[in-house]
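Scroll down for the structure; my scribbles are underneath it.
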Amino acid sequence: MNVLAINAMLQGPGLVAYLGEGARFLVCGGVQPAEGGNVVAVLAAAVLAMPAGSVADGKLSLVQADAAGDLAVGTGIATWGRLERADGTWVADFSMSGPSGAGQVKLVIQSPPEGDPEAKLYQGGTFFLGGVTVG
């Protein structure tokens with residue numbers, strides 16, 4: 001995802017204003033589709049604050065609406081993510097991985113069960129956006 005290109009394309013108030021109220025950051029499992037393709041396996045959906053974050057130095061920093069986090073809705077290994085408006089309009093997709101992987105966004109799991117993959121989420125667990133910066 002090229003944050004500067006998206007910000008320039010939207011002109012005016014830019015990406016953060018375009019996201020609007022209720023925008024979401026989705027964490028997904030499985031194979032990442034072509035940009036804007038169908039989402040098959042949502043593992044977590046974080047509702048973003050209003051404003052959803054900020055763009056500085058070509059990077060988008062996201063802020064979660066609820067400081068207590070959102071619940072993971074599925075169990076699985078996070079492989080990609082999506083940024084979308086509240087109405088489901090696609091904004092951007094990006095790869096995800098654990099800290100040692102090559103994903104554009106790194107997912108850190110606190111106290112994972114021993115032997116589990118580093119980017120595995122568990123249904124019913126709390127999902128926090130702690131310093132998500134894309135770009």
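The values are calculated or read from the model by the stated rules, or taken from the named source; none is laboratory data. All figures in this text were calculated on a predicted structure; none of them were measured in a lab. Heads up, the Cβs are rebuilt from the backbone with ideal geometry, glycines too, and the neighbour counts pull from every protein chain shown. The protein model used for the area step is the full one, side chains on, heavy atoms only, and it has no ligands, DNA or RNA in it. Shrake-Rupley method; radii C 1.70, N 1.55, O 1.52, S 1.80 Å.
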Inset, instruction - Sort through Leu62, Leu121, Leu129 and tell me the only one that's surrounded by 18 or more Cβ atoms within 10 Å (Cβ to Cβ), out of contact with any Cys (no Cβ under 8 Å at 6 or more places or on another chain), over 17 Å from Arg24 (Cα atoms) and in contact (Cβ under 8 Å) with a residue 40 or more places away in the chain. - result: Leu121
Inset, instruction - Given the conditions (1) surrounded by 13 or more Cβ atoms within 10 Å (Cβ to Cβ); (2) polar (S, T, N, Q); (3) part of a loop (DSSP other than H, G, I, E, B), report the number of the one that Gln110 does not fulfil. - result: (1)
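For (1) of a type in the set (Gly, Ala, Ser); (2) open to solvent by less than 80 Å² (accessible area, probe 1.4 Å), each residue gets a yes or a no:
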{"position": "Leu26", "(1), (2)": "no, yes"}
{"position": "Ala44", "(1), (2)": "yes, yes"}
{"position": "Ser54", "(1), (2)": "yes, yes"}
{"position": "Asp57", "(1), (2)": "no, no"}
{"position": "Gly74", "(1), (2)": "yes, yes"}
{"position": "Gly81", "(1), (2)": "yes, yes"}
{"position": "Thr89", "(1), (2)": "no, yes"}
{"position": "Glu114", "(1), (2)": "no, no"}
Legend entry - Residues being of a type in the set (A, V, I, L, M) and in contact (Cβ under 8 Å) with a residue 60 or more places away in the chain - total across the stretch 67-93: 4
Inset, instruction - Considering every residue within the stretch 99-106, establish whether at least one is under 19 Å from Arg24 (Cβ atoms), at pLDDT 90 or above and open to solvent by 50 Å² or more (accessible area, probe 1.4 Å). - result: no
Legend entry - Of all residues in the stretch 1-24 being touching a strand residue (DSSP E or B) at 6+ places or on another chain (Cβ under 6 Å) and modelled with pLDDT under 60, the one that is least open to solvent (accessible area, probe 1.4 Å): Val3
